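The values are calculated or read from the model by the stated rules, or taken from the named source; none is laboratory data. Please read all numbers here as calculations on a predicted model, not as lab measurements. Cβ placement follows ideal geometry from the backbone for every residue including glycine, while neighbour counts extend to all protein chains displayed.
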Amino acid sequence: MPKSQHLSIDQAIDLAQRKVNQGNFPKALELYKAVLQHQPNHHLAKEGLRKLQGKVMEDQSSQLNQINPSHDQLNTLISLYNSNQMVKVERACKELLQRYPTSLIILNVLGNALQWQGKLQEAVQSYTKAIQLKPDYAEAYSNRGLALQSQNKLQEAVQSYTKAIQLKPDYAEAYNNRGLAFKYLRQFDESLKDYQQAIKFKQRYGEAYCNLAGLFVEMGQIKEAIAKFKKAISLKPDYAEAYYYLSTITKYDEYDETIRDMESLYDREDTSSKQREHLAFALGKAFEDLDEHNKSFEYILEGNRLKRATYHYKIARDVKRFNKLKEVFSSSFFSSHTKTGNSDETPIFILGMPRSGTTLVEQILASHSQVFGAGELNDLLRIATSIHAEKADKKFPDCILDLNEEALETLGVSYIERLRKHSDSKRFITDKMPHNFWFIGLIKIILPEAKVVHCIRDPRDNCLSIFKNSFVRANYYAYDLKELGQYYNLYLDMMDHWGKTIPDFIYDLSYEAMVSNQEEETRKLLTYCQLPWEASCLSFHKTERSVATASSTQVRRPIYNDSVSLWKKYERQLEPLCNALGQ
C-alpha cells in the first residue's frame with residue numbers, strides 16, 4: 001500500500017468495504033485499485049472491485065442527470081459484459097433503450113458490445129448518439145475513436161481521441177489509444193509523445209508500456225522494446241499478451257526465468273482462456289528456440305485450439321469467394337479490358353500468403369534509393385469496399401462489371417493519390433499486403449503498369465509458420481491444420497487462375513531461391529522492377545525503416561536459411577496439414 005496511507009492490505013480491504021457501505025464509491029475504488037497494484041490477484045480486492053462497478057455506474061448516472069435503468073438492471077448488464085456475453089449485452093441494451101432512450105451508460109455499453117462483435121459502424125452510431133446527448137462525454141469520444149480505428153479510419157479516430165483529451169486533459173487511456181492510431185499512420189514522433197503522456201498520467205499503465213514497446217519494435221529499437229515489455233510485465237505480472245510479444249523478439253538460448261514465469265501463469269487456475277492462448281504461442285516459440293520441438297508443438301497446437309474456439313468459420317465461404325473471383329475475372333473479361341485504368345508506374349505490389357517472405361522482399365526493395373517501402377496497406381480493400389457502397393445491390397467483385405473505362409481510371413488515380421501520401425519523391429512505392437492476391441484482377445484493370453511480385457514458399461514451411469503465429473488480422477483459416485491446408489490450396493488455385501488469364505503480369509519469387517542465392521535473385525528482382533543494381537539491396541538488414549509485421553526482427557539480420565525445411569521437425573504433428581495439402 002502507499003506509504004502515506006499507513007495501511008496494511010487487510011486494513012485497506014476493510015476500509016474499502018466500509019466506504020462502499022457509506023456510499024463513498026470513489027474512495028472504495030481507489031483503495032481496491034491500490035491493493036491490486038501490490039497484489040494483482042488478491043481475491044477480495046478483485047471481487048470487491050467487480051461488485052463495485054455496477055454501483056459506480058449508477059453513481060455516475062446520477063451525476064450525468066440522466067434517466068437510467070435500476071441498480072439491479074445495471075448489475076445484470078455488467079455481469080453479462082464481464083463474462084463476454086456480448087450478444088446478450090447487445091440485446092439487453094436495445095431492450096433497455098426502449099424504456100431509457102437517453103441513458104448515456106446504456107448507449108456507451110451498447111457501443112462497447114457492438115465493437116467487441118465487430119459491428120463497428122453500429123458502435124460508432126451508438127457512441128455518437130451518446131455524444132449528441134452529452135457533448136462533453138469524453139469516454140464516448142475515446143470509445144468512438146477505437147471503433148473508427150478498427151475500421152482503419154485513422155484520421156477520424158485521431159480527431160475523436162483528441163476531443164476526448166481536450167475534455168479530459170489527464171485521460172491516459174485516450175492518449176494511449178491515440179498513440180496507437182499515430183503509429184498506424186506512421187507518425188512515430190507523435191505516437192511516442194502520446195505513450196509518454198499516457199504513462200505520465202497513469203504511471204503504472206502496463207498497456208501503454210506494451211504499446212510503447214511495440215513502437216520500438218517497429219522502429220528497429222529491439223533493446224528498448226525488450227525493456228518496455230518487461231516493464232509492462234513487472235507492472236502487470238499476468239500480462240500474457242506482453243509475454244507473447246516479448247517472445248517474438250527474443251531468441252531463447254536457455255530455460256530461463258521468463259519461460260518459468262510463463263509456464264507458471266499458464267498453469268494457474270485463474271488464468272483466462274485468452275491469456276492462456278497468448279502464453280501458448282509464446283511458450284511454443286520459446287521451446288522451439290530450445291530445440292524441444294515436441295513440447296513446442298503441444299503449446300502451439302493448444303494456442304491455435306483456444307483461438308479457433310473464439311469464432312465461427314467455414315471454409316465453404318472462402319470457396320465461394322474464390323470461385324466468384326474466377327467467374328468475374330475471366331479470360332473474356334480481361335480481353336474486353338485491355339486499355340483501362342491509370343498508367344502510373346509507381347506501385348510495386350508484394351503479395352502471397354502471410355509468412356511467405358513478403359516482408360523480406362519489401363525490405364530488399366526498400367533498401368534501394370528509388371523505392372519507398374510503405375508496408376501493409378488496406379487501400380485496395382478500401383477501393384473494393386467503396387465500389388460495393390456505390391453499387392449497393394452488388395458486392396465485390398460483381399460490382400466491377402458495371403464500371404466503365406472512366407470509372408476504372410478514377411479508381412486507379414484514387415489509389416495513386418493515397419499511395420503518394422507515403423512518399424512524393426521516390427520513383428516506386430511498395431504495398432506489401434499479402435492478401436492482395438485476391439485483388440490482382442482489380443490491379444490489372446485500374447493500374448495496368450503496376451509491378452506485382454508474388455512470394456512463393458514451400459507450402460509446408462509456409463503453413464507451419466502461419467500456424468505458429470497469432471495474427472492481429474482476422475486470418476480465420478489459420479488456426480486449424482486442415483482448414484489451413486484447404487485454404488492454401490484455394491490460394492494456389494487462385495494464383496494459377498491469374499497466371500492463365502493475365503500471363504506475364506505477375507513475377508514469381510521463391511523464398512528458398514532467395515535465401516540460397518541472394519545476389520542472383522536480387523538482381524533478377526530489380527530487373528523486373530526496372531531498377532538499376534544497387535549493392536545496398538544485399539545489406540537490407542542495415543536499412544533503417546519501420547517494419548510493422550511479425551517478421552520485423554528477422555529483417556534486421558542478414559539473410560538466413562534457418563526456416564527452410566523446418567516442417568520436417570514437426571512432420572508427425574503436421575500430418576493433418578499435409579493430408580489437406582495433398583503432400
Keeping to the stretch 143-176, report how many residues are under 23 Å from I105 (Cβ atoms) and of a type in the set (V, I, T).
1
Could you pull out every one of the helices (runs of 4 or more DSSP H) wholly within the stretch 349-467 that has 1 or more residues that are buried (at least 23 other Cβ atoms within 10 Å of the Cβ) and in contact with an Asp or Glu (Cβ under 7 Å, 6 or more places away or on another chain)?
405-419
Residues that are within 27 Å of the chain's Cα centre (by Cα), within 27 Å of Y491 (Cβ to Cβ) and surrounded by 15 or more Cβ atoms within 10 Å (Cβ to Cβ): does the stretch 259-268 have at least one?
no
Name the residues in the stretch 497-523 that are farther than 14 Å from D458 by Cβ and in a helix (DSSP H, G or I), would you?
H497, W498, G499, K500, T501, Q518, E519, E520, E521, T522, R523
Taking the stretch 312-366, which residues are among the charged types (D, E, K, R) and touching a strand residue (DSSP E or B) at 6+ places or on another chain (Cβ under 7 Å)?
E362
Six or more apart or on different chains, Cβ atoms under 6 Å: show the pairs whose first residue is in the stretch 293-314 and β-branched (V, I, T) and whose second is assigned to a loop (DSSP other than H, G, I, E, B).
I300/K468
A careful count of residues in the stretch 468-482 that are assigned to a helix (DSSP H, G or I) and within 21 Å of the chain's Cα centre (by Cα) gives 4
Inspect all residues belonging to the stretch 100-112 and state whether any of them is under 19 Å from Q85 (Cα atoms) and in contact with an Asp or Glu (Cβ under 7 Å, 6 or more places away or on another chain).
yes
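May I ask you to list the residues in the stretch 494-507 that are exposed (fewer than 14 other Cβ atoms within 10 Å of the Cβ) and on the phi < 0 side of the Ramachandran plot?
D496, K500, P503
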Subset of the stretch 447-467 [among the small types (G, A, S) and within 24 Å of the chain's Cα centre (by Cα)]
S465
If A316 satisfies all but one of (1) loosely packed, with under 14 Cβ neighbours inside 10 Å; (2) of a type in the set (G, A, S); (3) under 24 Å from D238 (Cβ atoms), what's the number of the condition it fails?
(3)
Of the numbered conditions (1) of a type in the set (A, V, I, L, M); (2) more than 24 Å from A174 (Cα to Cα); (3) crowded, with 20+ Cβ neighbours inside 10 Å, A240 fails exactly one; give the number of that condition.
(2)
It is to be established whether one or more residues within the stretch 38-57 are under 33 Å from the mean Cα position of the chain (by Cα) and at pLDDT 85 or above.
no
Could you identify the single residue in K307, K339, K274 that is part of a loop (DSSP other than H, G, I, E, B), surrounded by fewer than 22 Cβ atoms within 10 Å (Cβ to Cβ), of a type in the set (K, R) and modelled with pLDDT under 95?
K339
